[in-house]
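Enquirer: Dumping the structure here so I can ask a few things about it.
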Amino acid sequence: MAVLTWHYGFTVPGRDIAEFLSAGFSPDQYELMASCINATISAPRKAAA
């Protein structure tokens, strides 16, 4: 689910979300994961030393 969220953001297909939820995860867990991934993608990159 993390890879799908990385590629699709909050537009992951509904059937994939349904499978994630049926595996025992909650909607809050999905939203937290998606928010963390979005923050990581949006964060400015630091230059290598």
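Read-outs: derived from the displayed coordinates by stated rules, not from any lab. Remember, predicted model here, so these are calculated numbers, not experimental data.
Enquirer: Provide Rg over Rh for the chain; use the alpha carbon set for both Rg and the Kirkwood Rh (inverse mean inverse pair distance).
Expert: Numbers: Rg = 12.8 Å, Rh = 11.7 Å.
When Rh is taken as the Kirkwood radius, the ratio is 1.10.
Enquirer: Note the full-extension length gain between Arg15 and Glu31 as 0.36 nm times their separation in residues minus their Cα-Cα distance, in nm to one decimal.
Expert: Working: separation 16, 0.36 × 16 = 5.76 nm, distance 1.59 nm.
Fully extending the segment from Arg15 to Glu31 adds 4.2 nm.
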